[in-house]
Every structure is written in C-alpha cells, then in structure tokens.
1. Measure off 7 Å from each Cα along the Cα-to-Cβ vector at S74 and K291, then give the distance between these two points in nanometres to one decimal.
2. Lysine pairs in segment 50-196 with Cα distance under 27 Å, only those 8 or more apart or on different chains: how many are there?
3. Leaving ligands and nucleic acids out of the surface, order T103, T177, T218 by accessible area at 1.4 Å, largest first.
4. For segment 70-150, state the semi-axes of the equivalent ellipsoid (square roots of 5 times the eigenvalues of the alpha-carbon gyration tensor), sorted largest first and rounded to whole angstrom.
5. State in Å² the accessible area per residue of segment 221-275; use a 1.4 Å probe, count heavy atoms of protein chains only, and round to the nearest integer.
6. Please give the residues of segment 63-90, grouped as numeric ranges, whose backbone N is less than 17 Å from a label point set 7 Å along the Cα-to-Cβ vector of Q148.
7. Of the listed peptides 224-235, 83-94, what is their order by residue-averaged count of other C-beta atoms within 10 Å, with the highest listed first?
8. Give me the Kirkwood hydrodynamic radius of segment 90-197, using the inverse of the mean 1/r over all pairs of distinct Cα atoms, in Å to one decimal.
Amino acid sequence: MISHDEKTRRQRRNFLKTAGVAAMAFVATKDAYAQSAHGKAASQGARRRDEPADRGLWITWYDLPENGRDTYLSWLHESYLPALLKRPGYLWVAHYATQNAETRSDLHHVEDPKVPTGFHYILLIGAKDAGVFGNPAPIEIHAALPEQGKKMLAMRIGERVNLMTETSRCEGHAGNTYKEGLTGAPCVQVGSFNCAAEYEEEMHAGYVQQRMPAHCSTGSCIGVRKLNSVAGWAKHAILYEYASLEGFNRDYAGANAKSPLGFKEHSIVPMLIHAPNGPNMALRIWPPVAKA
C-alpha cells in the first residue's frame, strides 16, 4: 500500500507539473500575442510610410515678359515660394521652364478664348491633400500679399491655375534611386485636358492598366500621377516625372507608343481636348537640380 507521505508527494508533483504546463502555455500565448501585435503595428507603420504624403497639387501655367523677368524670378524663388512652404500642409514646391516651344498639331486643343494660354513656366506646389488649398484658398493668399508681391504676380501673362487631387499613382524604377525625396522631379511632362463623359471610363482604364505602367517600367521614370480637378478649366491632368532630360528623351516616346490610351488597341486620345499649348515638357529651375 502507498503510504500517506508517498501519496502526498505524488499529489504535489502532479500539481507542480500541471501548473508548469499552464504557465508555459500562458507565456507562449502572451508571447505570440505580443509578436502579433508588434507585427501588426509594424505592418501599419509600413503602410503609413507607403501611403503618398502629397495627394494635392496646385499647378500654375503662365508666361513672363522679357522686361523685369529676372526681378520676378528672384522674388518668386527667394520670397514667395519659401513663404508658402511655411504654411501648414504645404510639402514641396518646384518651378519649371517649359522646353517645347511648339504646340502639337496632332492633338485637339481648346478653342475657348476664355481659357488662358500661358505655358512657358509651370509652378507645381505639393500639399498633404487638396483640402489644404481650401483654407486659405490661393486667391486669399494672393490678396493678402504686400503691394510688392501683388506687383510681381501681375507680371504673369496668360496665367492658368488648376487645384488637383491625385487619383492614381504609379511608382517608377528610377524612384528607388531618386535622392531628392519629396520634391518635384528634375524633368516633367504635364498634360491637362477635358474628355467627353462617354470616354472617361475607358480613358481611366487606359492610364491605369497601360500607360502609367509602361512609363514606370522604364529606367528613368520616377513615377506617374493621374490627377483630377478641384478647381480650374481642366478636369483631368497627367504628370510624368523623370530623373533627367536624357532619360525622358530616351524613354518617353517608346512608353507612349506601346500603351494606347484605351481598351485593347483602341485609343481615345483624339477625343481629348487639351489645354492651350499643352502638354508641356519642362525642366526644374528651382530648387536647382544637383549636378550628377
């Protein structure tokens, strides 16, 4: 027969064994939960980092007179643009000089005389989202400028403005090596246009399925953004961002050629009504592009 002491010792061993297993299970569950929570937090952090930070764009096209141009550019680059960057939600600014002097004759351009025709300079201003441009609105910012600032703005000829929100983005191969971060690309092409409602769905699909990926697959494309208007004549815009003029000249035409803007081989480009003198290829003049 088992003695009373032996029976007590066995009960104690069984209790300790059961308690140990339970403790190990608790620790394992807690550790698994901690790892899961950490992984979820890390995943959420990664998603936050991957989300576009600059979903709003204020785009201005305009010309300048010869007389007083240098004074205007000094004011714009040294005073006006740095002041905008201090505003909440404003993330970057980039000023461009258009390179294509001739309007493409193969595209349909708007004929409404009320649509301004400036295009030699393009100003891109990136913000957190388009709501930033509603409080205050650009016209309110300009109305509050000192007289010297208003005088400088008055030098713009044929000024056309669009406030845009980004509706689709494609990251290009060159984006992985682009070191300037949240700044407008050294070389861009900006197209702004309207499209008859019956073709808009096909146009949207053509950009998302074909044209944007075709450009982003090239070696010099930083990215492509499809934009839609909050305010301004053009309802649609497309922004191609390239790392250099050389890369643009090498890759742009070929990417377009293999990506008809529509379903299958059909192109709705003839149905688009472009802004005057557009689209425009331009090089960044401010901030200055670092030399390779």
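1. Each label point is offset 7 Å from its Cα along the Cβ direction, giving 2.3 nm.
2. 8
3. Heavy-atom accessible area, descending, gives T177, T103, T218.
4. Over the Cα atoms of segment 70-150, the ellipsoid semi-axes are 27, 17, 14 Å.
5. Per residue, segment 221-275 has 42 Å² of solvent-accessible surface.
6. Zone members listed by number: 68-84.
7. Averaged packing, sorted descending, gives the order 224-235, 83-94.
8. The Cα-based Kirkwood calculation yields 16.8 Å.
The values are calculated or read from the model by the stated rules, or taken from the named source; none is laboratory data. Small disclaimer: the values here were computed from a predicted structure and weren't measured. Because the Cβ atoms are built from the backbone with ideal geometry, glycine has one as well, and the counts that use them run over all protein chains shown. Keep in mind that these areas ignore ligands, DNA and RNA; they rest on the heavy atoms of the full protein, side chains included. Shrake-Rupley method; radii C 1.70, N 1.55, O 1.52, S 1.80 Å.
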